[in-house]
Amino acid sequence: MSNIPDDLSYTKEHEWVAGLDDGITVTVGITAFAADALGDVVYVQLPEVGANVEAGDSIGEVESTKSVSEIYTPVGGEIVEVNQAVVDDPSLANSDPYGDGWMFRVRVEGEPEDLLSAEEYTALTSGQS
Amino acid sequence: MSRPTPLRAVHEELGATLTDFAGWLMPLRYGSESAEHNAVRTAAGLFDLSHMGEIYLTGPQAGEALDHALVGHLSVLVPGRARYTMIVNERGGVLDDLIVYRLADDEFMVVANASNYEKVAEELINRSKSYDVVVEDRSDRVALIAVQGPRAQEILATLTDADLDGLKYYAGLPGVVDGRKALIARTGYTGEDGFELFVANDDAAPLWHALMAAGEPYGIRPAGLSSRDTLRLEAGMPLYGNELSVELTPFDAGLGRVVKFDKPGDFVGRAALEAVKDQPPARRLVGLVARGRRVPRHGYPVTKDGAVVGEVTSGAPSQSLGKPIAMAYVDAGAHEGLAVDIRGSQEPVDLVELPFYRRNK
């Protein structure tokens with residue numbers, strides 16, 4: 001069973017979202033479930049800082065030995081920061097997906113797409129692992 | 001519904017990520033596939049390969065039957081030795097690549113890929129009808145465990161009295177490992193020294209545990225199909241379904257040397273292969289090394305100045321090179337200025353001769 005912290009929100013695309021409470025800037029990463037399913041992450045491509053994105057856009061990709069997955073942004077707005085550390089060392093996405101392996105920060109404009117609670121995400125992933 | 005191997009419970013206990021492969025439920029990886037890959041390059045890895053097919057040919061004309069059915073000259077194989085060979089159709093298209101072991105004067109074992117062995121067994125039966133030989137598919141009874149890596153011999157030596165020093169590459173002998181009857185073969189698909197142990201299904205789990213225990217001081221790790229694929233790719237070894245297919249002849253794949261035209265008698269595919277043996281193929285199988293970090297993958301186009309000049313057959317991040325690598329069929333004239341179209345972006349690659357990795361002997 002993968003680690004699914006209670007205090008984060010989730011997407012059906014296996015991303016986590018932090019910082020929704022203050023409603024200004026949110027941090028996005030991939031979940032431990034996603035990292036486990038991918039295997040060793042070897043390449044992370046992230047958007048340019050300053051890019052304007054819409055909720056649901058594909059804005060990057062994560063590659064593992066065996067596969068490649070797109071990164072979607074669950075919120076629209078401006079990309080204000082990307083995690084250069086995970087670009088330089090993609091294994092952070094496996095070793096610390098909710099911490100040092102975070103992906104990007106967005107200054108939120110508009111409504112986020114439908115997000116899941118930890119409980120709902122747990123229900124989504126149980127039976128898939 | 002995928003078929004489990006006799007080691008399914010062992011894999012589950014180890015927490016393996018299981019995947020369907022050619023109809024079998026196989027371990028993809030146990031933890032980090034990079035760590036498994038590196039263990040095989042530096043120490044040892046243990047693989048469950050029980051999905052492979054084992055087809056036995058027994059009888060006074062077993063060698064002649066194989067000479068007719070396959071492209072190789074198997075009747076001259078010395079008992080105890082093995083050969084890499086292929087089975088083709090009348091048009092010369094590759095049905096499978098095989099390792100054939102001569103177990104005795106009148107007994108051979110043909111090891112076929114999981115995805116093909118039922119078809120191979122059927123072909124061998126059909127092609128052997130006029131020979132005094134019995135063809136028997138024993139795949140459901142035979143398990144296969146491979147121990148691969150520079151420490152493989154030391155590990156195996158703790159469990160057997162067999163003469164491993166005397167066992168050459170591409171040789172196999174019947175022996176006893178941890179008290180169990182096994183065919184001990186010095187073969188593999190990783191580019192390292194190593195052994196493949198063919199045992200009865202019921203012996204697979206105890207033998208696995210014995211090898212893990214014996215290998216523990218040497219740094220052995222269980223290794224899944226993911227690392228098997230990156231290891232064979234670095235070693236430049238073809239995979240049926242990627243580099244080999246029924247649409248290609250052995251010559252197309254640069255493996256024409258396995259076709260033995262000088263053997264006596266006709267063999268299936270001879271006429272078709274003789275017609276193409278001296279024609280340089282339009283494309284050749286090459287290695288590509290990416291300059292960037294994005295990974296060329298199976299099916300991606302190889303381009304030059306925007307035009308498609310080839311196609312990637314296998315690609316992966318290489319642990320040994322620290323860069324993404326790929327095998328690809330590329331137009332014979334295209335050498336420089338190549339790129340791989342990675343989801344719309346032309347990523348530069350350098351063409352290299354295979355293999356990417358060669359072990360120090």
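Would you pick out the residues in region B:258-299 that are out of contact with any strand residue (DSSP E or B) (no Cβ under 8 Å at 6 or more places or on another chain), assigned to a loop (DSSP other than H, G, I, E, B) and of a type in the set (Lys, Arg)? Result: B:Lys260, B:Lys263, B:Lys277.
Of everything in region B:227-259, what is buried (at least 17 other Cβ atoms within 10 Å of the Cβ) and either of a type in the set (D, E, K, R) or over 30 Å from A:Ser67 (Cβ atoms) (or both)? Give them in sequence order. Matches in region B:227-259: B:Arg228, B:Asp229, B:Arg232, B:Glu234, B:Glu243, B:Thr249, B:Pro250, B:Phe251, B:Asp252, B:Gly256, B:Val258, B:Val259. Within region B:22-36, no residue that is more than 10 Å from chain A (Cβ to nearest Cβ) sits with its Cβ atom under 8 Å from a residue that is part of a helix (DSSP H, G or I) and β-branched (Val, Ile, Thr) at 6+ positions apart or across chains.
Could you run through region B:1-21 and say how many residues are assigned to a loop (DSSP other than H, G, I, E, B) and away from chain A (no Cβ under 14 Å)? First the steps, then the outcome.
As a first pass, look at region B:1-21 and keep what is assigned to a loop (DSSP other than H, G, I, E, B): B:1-2, B:5-7, B:14-16.
With the extra rule that they be away from chain A (no Cβ under 14 Å), the set shrinks to B:1-2, B:5-7, B:14.
Of the residues in region B:1-21, 6 are assigned to a loop (DSSP other than H, G, I, E, B) and away from chain A (no Cβ under 14 Å).
A:Leu38 meets the conditions (1) away from chain B (no Cβ under 13 Å); (2) open to solvent by 10 Å² or more (accessible area, probe 1.4 Å); (3) within 24 Å of A:Glu119 (Cα to Cα) in every case but one. The failed one is (1). Checked against (1) more than 30 Å from B:Ala35 (Cα to Cα); (2) more than 11 Å from chain B (Cβ to nearest Cβ); (3) not charged (D, E, K, R), A:Gly60 meets all criteria but (1).
Need a quick list: strands (runs of 3 or more DSSP E) entirely within region B:36-98 having at least 3 residues that are under 18 Å from B:Thr249 (Cα atoms) and within 19 Å of the chain's Cα centre (by Cα). Quick ask: steps written out before the conclusion?
Numbers: elements: B:44-48, B:53-58, B:82-88.
Per the criteria, B:82-88.
Going by what's in this entry, would B:Gly287 be described as within 14 Å of chain A (Cβ to nearest Cβ) and within 24 Å of the chain's Cα centre (by Cα)?
Details: within 14 Å of chain A (Cβ to nearest Cβ): no; within 24 Å of the chain's Cα centre (by Cα): yes.
It is false that B:Gly287 is within 14 Å of chain A (Cβ to nearest Cβ) and within 24 Å of the chain's Cα centre (by Cα).
Yes/no per residue for (1) in contact with a Lys or Arg (Cβ under 6 Å, 6 or more places away or on another chain); (2) without any contact (Cβ under 8 Å) to a residue 24 or more places away in the chain; (3) within 18 Å of A:Val26 (Cβ to Cβ); (4) surrounded by fewer than 20 Cβ atoms within 10 Å (Cβ to Cβ):
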position	(1), (2), (3), (4)
A:Ala51	no, no, yes, yes
A:Ile59	no, no, yes, no
A:Thr65	no, no, no, no
A:Ser69	no, no, no, yes
A:Pro74	no, no, yes, no
A:Glu78	yes, no, yes, yes
A:Asn83	no, no, yes, no
A:Val87	no, no, no, yes
A:Ser91	no, no, no, yes
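The values are calculated or read from the model by the stated rules, or taken from the named source; none is laboratory data. Every value quoted in this text rests on a predicted model; they were computed, and no experiment measured them. In this analysis, Cβ positions are derived from the backbone assuming ideal geometry, glycine residues included, and neighbour counts consider all displayed protein chains. Note: areas computed on protein heavy atoms with side chains; ligands, DNA, RNA excluded. Shrake-Rupley method; radii C 1.70, N 1.55, O 1.52, S 1.80 Å.
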